[in-house]
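Student: Mind having a look at this structure? Questions to follow.
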Amino acid sequence: MKKYDRLIFLSVVLYLVLAVGAGGLLRKQKRENSQLYKVEINHLLADIQTEDDLINLDLSKYREVEAVSYLPVSKTDRHTISDFYQGTNGRMYMVFPLYGESKGQEVLSGYLRFDYKKADDTAGVLFLVEIVLLLMELSVLAVLYYFRHHLIGPFERMQDMAYELSKGNLQGEMKTEKSQLFGKFVWGMNALKDELQVSRNRELQLQKEKKLLLLSLSHDIKTPLHMITLYTRALADGIYSTGEEQAAVYKQIEDKTAQIETFVSEIMKASTEDILHIEVKKGEFYFRELVQWIQTVYGEKCLLRKCQLAIEEYQDRIFSGDINRLMEVFGNIFENAFKYGDGRRIEISFYEEDYCQLVRVFNTGSPVSEKEFVHLFDSFFRGENTRGQQGNGLGLYICREIMHKMDGEIFAECETDGMAFTVVLPI
């Protein structure tokens, strides 16, 4: 969008340059025209030596001078003199004396009047040109403004959605506009997001089934283990006295032990597989980038939900870690606040402790019970206040795994009027 705004700025600059240039050219043309008639009059004065030269005078090759009149000095009639000076029909004129020779001396023979065109109305033309240029610039700006809000803006929002999808953030939805020129494309992006959400839910369901399998195997171990306990107790009490009976019991204990080993192998195999593959890339970022992202994304969401968002002052510094994963952490925290809080207020505060930067996110609402509190960061755990809310119980588990891989931490606090989650970043 910054490049597009730069294009609008260049358009305004180009208009100003054209407007100033047009004005300068018209003024230059006016100065040239204002001097041309003087040049033509000087040429005519050089060609007219006597009254007879006026007879064959050709004015077609002159642009500015339109007529030449002659008043002999012998004419003393008032009307003739008045017509000579006033009969110009509104044209501009100049009068020069004409000299001739008499008895070897130069004497005044009469007067020449040169009628030339009235100076062009350059100011009016300049005003008209400037108006036309202004209207053209306004038209260009209107088109650019239309493109900015109906093409560039939606494309940028789609770019943000694609970026969020690349990070695995499937929250939110891009709304189509009434004047949308590519509504099908936006619809396709939303359909893609929904499909990814379905795929993720399917994967989470499979992971949940795997965890249930682990629980089932753990439960199945109890049966052979109980049998081994009974057999060993019977042997200790001397219930089996003959060698054949003891050999049969030992064989049963061996079989049950092998069965337990099989169960343990399956548990170890399932346990070594991550519930979710979480990759954290090492890098550096400014703290303000994270805070500005929270203000941009969740400031608008809080405004739409009429939820007060308060962000305290903070000190900007460089941190080592994966800023995209941190955005995912705070995204989960905010989504939990929207789902399970009362929607009145969310506060973000910052403080340092033991060479760590702590970010505390507090939302008003009913805190969880002490019984549920100890399981908040367990996978697939959902509290009683989640009834009727979509979710899979992995959000806070993912947050903890991300923070551990970044050498950080996240912990929760129960307040009297809400819940608080504190993210710890090593400095």
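Student: Please work out which one of (1) exposed (fewer than 11 other Cβ atoms within 10 Å of the Cβ); (2) assigned to a helix (DSSP H, G or I); (3) modelled with pLDDT of 75 or more is the condition His219 fails and give its number.
Tutor: It is condition (3) that His219 fails.
Student: Report whether or not Leu14 is under 17 Å from Asp115 (Cβ atoms) and at pLDDT 75 or above.
Tutor: no
Student: Is one or more of the residues making up the range 341-349 of a type in the set (S, T, N, Q), within 21 Å of Lys405 (Cβ to Cβ) and surrounded by 15 or more Cβ atoms within 10 Å (Cβ to Cβ)?
Tutor: no
Student: Would you call Ile294 at pLDDT below 85 and either among the β-branched types (Val, Ile, Thr) or in contact with a Lys or Arg (Cβ under 9 Å, 6 or more places away or on another chain) (or both)?
Tutor: no
Student: Please specify each residue of the range 310-363 satisfying the condition of being aromatic (Phe, Trp, Tyr) and in a helix (DSSP H, G or I).
Tutor: Passing the criteria: Phe330, Phe334, Phe338, Tyr340.
Student: For Lys306, are the conditions met, namely being of a type in the set (D, E, K, R) and not in a loop (DSSP other than H, G, I, E, B)?
Tutor: For Lys306, the condition - of a type in the set (D, E, K, R) and not in a loop (DSSP other than H, G, I, E, B) - is not met.
Student: Taking Met136 as the residue in question, decide whether it is within 30 Å of Val13 (Cα to Cα) and modelled with pLDDT of 80 or more.
Tutor: For Met136, the condition - within 30 Å of Val13 (Cα to Cα) and modelled with pLDDT of 80 or more - is met.
The values are calculated or read from the model by the stated rules, or taken from the named source; none is laboratory data. This one's a predicted model, so the numbers in the text were calculated from it and none came from an experiment. Counting neighbours? That spans all protein chains shown, and the Cβs are built from the backbone with ideal geometry, glycine included.
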